[in-house]
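Data first, discussion second: the structure below is written as structure tokens.
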Amino acid sequence: MALNRVRDVDNRVAVRRVLMSVSDKSGLDVLVPGLLETCPNVVIYSTGGTFAAVRDMLDPAVAARHLVAVSEYTGQPEMQGGLVKTLDFKIYLGLLSETYNEAHRQDLSRVGAEPIDMVVVNLYPFSQTVARAGVTPEDARTNIDIGGPCMVRAAAKNYLRVASVTDPADYAALLEELRRTGGTLGFGTRLRLMKKAFAHTAGYDQAIAAFFADVAEPDARSAYEVRDRL
């Protein structure tokens, strides 16, 4: 199967749809109102605690117009414990589609998916968790994020169209660009965010690998009742 090789790319992309799922919720009180101000028709798709945090900072009528639960959008409820929320075909069509590609537009239409222009995601606090005294392998395991890195990487791969935002420290500059340019982000901004996103997920995976490299099997087993089931 031939890979898609893109030739023509828009410099500025309007931010109309945002996928938002963050562990670190700092700055949301600035980002969300700023998005509504600079992108008046924006729709924010969100999950779990992030959805609740965004909903609580908005007037109910505003939330009804601009905020959509990912489970409502995908038609799939979240798995117990939040283990599966965003790993859905409609989400990844929205992230990876090239909207100038007719076949991709047909794919979006076929399942009722929408192209997503920005992902705002930061990951479960793995490094902070394993830095605590007395942390167990099970504490570490439960703080391994799966959906977050997938969203970050998909958005970053498609930086030709999608902004992958992983650092709350970037919110102010992004809002300033949106204000200055009528709700759009430029190619250079998306490329810069892509580089930061892949560095972020690479560091995250390295932290996981480094922690478990030092976990001996007896230490891991001590957290569980390990049974042989034939």
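If you go through region 53-62 and keep only what is surrounded by 13 or more Cβ atoms within 10 Å (Cβ to Cβ) and either among the β-branched types (Val, Ile, Thr) or more than 14 Å from Ser26 (Cα to Cα) (or both), you end up with Val54, Arg55, Leu58, Val62.
If the condition is being surrounded by 15 or more Cβ atoms within 10 Å (Cβ to Cβ), of a type in the set (D, E, K, R) and not in a helix (DSSP H, G or I), then region 104-150 contributes Glu114, Asp117, Asp145. Among the residues of region 1-30, the one identified as surrounded by 13 or more Cβ atoms within 10 Å (Cβ to Cβ), of a type in the set (S, T, N, Q) and assigned to a loop (DSSP other than H, G, I, E, B) is Ser23. Taking every residue in region 111-140 that is within 30 Å of Val9 (Cβ to Cβ) and pairing it with any residue that is of a type in the set (S, T, N, Q), at least 6 positions away or on another chain, the pairs with Cβ-Cβ distances below 7 Å are Pro115/Ser97; Pro115/Thr99; Val119/Ser164; Val121/Ser21; Val121/Thr166; Asn122/Ser23; Asn122/Thr166; Leu123/Ser23. Against the test of being under 19 Å from the mean Cα position of the chain (by Cα), exposed (fewer than 14 other Cβ atoms within 10 Å of the Cβ), modelled with pLDDT of 90 or more and in a helix (DSSP H, G or I), the options Ala172, Ala209 yield a single qualifying residue, Ala172.
For region 198-221, the candidate set comprises residues that are touching a residue at least 24 places away in the same chain (Cβ under 8 Å) and of a type in the set (Gly, Ala, Ser); within that set, the residue that is farthest from Ser127 (Cα to Cα) is Ala220.
The values are calculated or read from the model by the stated rules, or taken from the named source; none is laboratory data. What you see is a predicted model, and the numbers here were worked out from it, not measured in a lab. Glycine also receives a Cβ, built like all others from the backbone with ideal geometry; neighbour counts cover every protein chain displayed.
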